[in-house]
Amino acid sequence: MTSQVMLRTAYRGLMSKSVSSQRMSHSSFAGKVAIVTASTDGIGLAAAEALGKRGARVVVSSRQQANVDKAVTLLQSQNIDVTGATCNVGKGEDREKLVQKALERFGGIDILVSNAAVNPYFGPIMDSTESVWDKVLHINVKSSFLMTKLVVPHMVKRGGGSVVFVSSVTGYQPTTTLGPYSVSKTALLGLTRALAPELAQSNIRVNCVAPGLIKTHFSAPLWENKDVLDDFKRQLSIKRIGQPEEIAAVIAFLCSSDASYMTGETITVTGGMSCRL
């Protein structure tokens, strides 16, 4: 067999495996259980939907019961096996209640998408107060770690798992009016790298997604301001803001077996904004 024939044969084999993998990827979460924090709107809800449509059983959460009920009804209408619980991730008892909900309803935990975040302050960073910093770092960083610490033993029992933190492009390029929030999102990049080597020993992957400006209620103060929006668009290759579903697809990829050789990584999804750290 000539080298050219061998190469063609190998290429056809690789393509066949690739097609087979693509066919399987849609159902790659069958039997998996996913907790998604702050998942009744925006990126969190889109992530829960993306995972559920690919076969995962999903636990959604919000601080308000009415929001949880609405999200559960929506996802059930799409034939997603879902339950929900109220959860303020800043409270230990709420975090434990959320984990217990997953265990009681679905029997285990395989995936955590840590999406919950707050931003109580807009303005110059030097005018921000200690209480602002306490709240931002507690919810956006500390609670993300503590939520991970709670689910890891249950992932170990299942033979492994996947954790995805939702950071932000501001973690790379702080926005002048979002100083404390930006710093908290930079911290998530470091938390991802710090956890990944240790948890890899238990077959748990830890990755991160850093969205650009996405059209959600949370980011409305930015995209509803024409001057701010125009400034963002000037920095983008794709001249529009993103949609939650576009981030959810990346989250689903990071949780899937298609990303089985990825840990400690952050994927920026920004429409082409240059990100440096």
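Here the range 49-97 is the region considered, the condition is being surrounded by fewer than 24 Cβ atoms within 10 Å (Cβ to Cβ) and touching a residue at least 40 places away in the same chain (Cβ under 8 Å), and the residue that is nearest to HIS138 (Cα to Cα) is GLY90.
Name every residue in the range 252-261 that is in a loop (DSSP other than H, G, I, E, B) and either open to solvent by 70 Å² or more (accessible area, probe 1.4 Å) or touching a strand residue (DSSP E or B) at 6+ places or on another chain (Cβ under 6 Å) (or both), in order of residue number. Within the range 252-261, SER260, TYR261 meet the criteria.
Do the conditions hold for ARG105, that is, is it among the basic types (Lys, Arg), within 30 Å of THR175 (Cβ to Cβ) and not in a loop (DSSP other than H, G, I, E, B)?
When the stated conditions are applied, ARG105 does not pass them.
Here are VAL164, VAL151: which of them is out of contact with any Ser or Thr (no Cβ under 9 Å at 6 or more places or on another chain) and buried (at least 21 other Cβ atoms within 10 Å of the Cβ)? That would be VAL151, the only listed residue that is out of contact with any Ser or Thr (no Cβ under 9 Å at 6 or more places or on another chain) and buried (at least 21 other Cβ atoms within 10 Å of the Cβ). Filtering the range 101-144 to residues that are open to solvent by 40 Å² or more (accessible area, probe 1.4 Å), touching a residue at least 40 places away in the same chain (Cβ under 8 Å) and among the small types (Gly, Ala, Ser) leaves only GLY107. Taking the stated definitions as given, is ALA220 modelled with pLDDT under 80 and open to solvent by less than 30 Å² (accessible area, probe 1.4 Å)? Considered against the rule, which asks whether it is modelled with pLDDT under 80 and open to solvent by less than 30 Å² (accessible area, probe 1.4 Å), ALA220 comes out as yes. Scanning the range 182-217 for residues that are modelled with pLDDT of 95 or more, over 14 Å from GLU265 (Cα atoms) and touching a Gly at 6+ places or on another chain (Cβ under 6 Å) returns LYS185, ASN203.
Among the residues of the range 228-242, which ones are modelled with pLDDT of 85 or more and loosely packed, with under 15 Cβ neighbours inside 10 Å? Answer for the range 228-242, where residues must be modelled with pLDDT of 85 or more and loosely packed, with under 15 Cβ neighbours inside 10 Å: just ILE238. In the list GLY264, GLY179, GLY271, which residue meets the criterion of being open to solvent by less than 60 Å² (accessible area, probe 1.4 Å), at positive phi and at pLDDT 95 or above? Checking each option against the conditions leaves just GLY264.
The values are calculated or read from the model by the stated rules, or taken from the named source; none is laboratory data. Since the structure is predicted, the reported quantities are computational estimates derived from the model, not experimental observations. All Cβ positions, glycine included, derive from the backbone under ideal geometry; neighbour counts span all protein chains shown. Side chains included, ligands, DNA and RNA excluded: accessible areas come from the protein's heavy atoms. Shrake-Rupley method; radii C 1.70, N 1.55, O 1.52, S 1.80 Å.
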